[in-house]
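Here you go, one structure.
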């Protein structure tokens with residue numbers, strides 16, 4: 001009888017807690033009705049686990065597990081963040097955190113790599129966007145939630161982590177061992193390519209990315225006179241902060257809508273626009289994307305594409321068209337909750353579709369032809385005529401390709417910009 005009484009007292013307290021919390025969240029919908037029968041069912045299951053499970057589990061852990069399951073079943077990006085996870089997320093957006101350097105999500109019970117982060121143990125080990133992690137060390141991933149998997153990936157600098165990976169077009173799983181490190185992300189890098197063409201790489205959208213991007217543009221404009229074209233590399237950029245993506249698009253657009261969001265809550269319906277005036281002064285632009293370009297990367301690519309400001313080149317992006325808000329709780333924990341979908345200026349939803357490139361260029365390696373016989377030219381013939389006063393230019397000796405032949409997509413982007421630069425020159429002299 002005491003057990004029976006305790007059961008109803010405990011369930012009553014739990015129901016009271018659930019009702020109070022749920023009613024507090026429904027201030028804007030006073031006529032909402034809670035599923036009381038389902039809450040009673042939850043309380044019954046909770047008590048059965050609490051009293052009859054083979055190992056004793058404290059109430060706090062059980063409630064945390066319930067919350068984790070509640071959020072984890074919504075979509076791949078909503079999650080319950082314990083104190084460590086919340087702190088790691090804050091470090092992630094500020095640019096320094098511990099781990100192996102990959103952005104991941106859940107797919108069919110496995111951990112899917114959205115993107116490896118530049119210059120991290122994961123990228124150096126050859127982990128690719130789209131890889132499915134099926135084992136971490138000797139533990140199968142299937143059955144874990146995302147939080148548990150992330151916890152296993154964290155560890156002390158220099159400690160090893162072995163990943164078993166299923167990759168498309170591979171008959172057997174790959175086994176890759178990486179050494180954990182302190183991950184320091186350089187959000188924006190830039191350099192000048194040959195013949196006054198600029199290159200900017202954004203690895204991830206962080207709080208200071210917009211400012212760094214503008215500084216990079218100004219540096220390239222100062223170094224080249226004029227800047228003939230710009231390649232913006234968003235490949236394997238998993239996204240980040242939405243405001244940062246708007247700032248980046250703003251630097252390339254002369255006003256107009258960048259992105260808008262729609263959700264159930266009024267606060268989730270927002271519109272973000274670029275200010276009049278752009279830094280690049282109509283400089284030809286190519287944006288590189290691939291399957292690892294997600295979220296904020298897709299916002300930038302979609303805005304540039306809809307405004308016809310540049311050419312999108314590469315392969316289809318990841319297709320994460322949803323917005324997550326971090327909602328801190330009172331005790332240092334938080335929830336990451338999907339609150340809206342975002343849309344490009346023309347009204348396209350990228351969710352599960354991605355941005356489709358204007359020019360499709362697969363990743364490939366270039367191999368120069370071997371045993372190629374040297375070309376015989378007029379200048380090699382005995383007794384050839386001179387140019388007759390025209391200025392000589394040796395294009396073979398002056399043309400320099402600073403990029404690796406392995407980056408076929410970047411070479412194609414640069415070739416396109418060179419072609420546009422040739423067509424934009426002054427008409428020939430009559």
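For residue 310, work out the one condition from (1) in the same structural domain as residue 209 (by TED's automatic domain parsing); (2) over 22 Å from residue 235 (Cβ atoms) it doesn't fulfil.
It is condition (2) that residue 310 fails.
Of everything in the stretch 240-261, what is closer than 20 Å to residue 338 by Cβ and either crowded, with 24+ Cβ neighbours inside 10 Å or not assigned by TED's automatic domain parsing to the domain that holds residue 324 (or both)? Give them in sequence order.
Passing the criteria: 240, 244, 245, 259.
Taking into account only those residues within the stretch 183-206 that are within 28 Å of residue 158 (Cα to Cα) and either surrounded by fewer than 19 Cβ atoms within 10 Å (Cβ to Cβ) or in contact with a helix residue (DSSP H, G or I) (Cβ under 7 Å, 6 or more places away or on another chain) (or both), which is modelled with the lowest pLDDT?
Checking each candidate, the answer is 184.
A further question follows. Among what's in the stretch 105-123 and is touching a helix residue (DSSP H, G or I) at 6+ places or on another chain (Cβ under 8 Å) and surrounded by fewer than 20 Cβ atoms within 10 Å (Cβ to Cβ), pick the residue that is modelled with the highest pLDDT.
Looking at residues that are touching a helix residue (DSSP H, G or I) at 6+ places or on another chain (Cβ under 8 Å) and surrounded by fewer than 20 Cβ atoms within 10 Å (Cβ to Cβ), I get 105.
Within the bounds of the stretch 210-217, is there any residue that is under 30 Å from residue 126 (Cα atoms), buried (at least 24 other Cβ atoms within 10 Å of the Cβ) and within 21 Å of the chain's Cα centre (by Cα)?
yes
The values are calculated or read from the model by the stated rules, or taken from the named source; none is laboratory data. As the structure is a prediction and not an experimental result, all values here were calculated from the model. Here the Cβ is made from the backbone with ideal geometry for all residues, glycine too, and neighbour counts use every protein chain on show.
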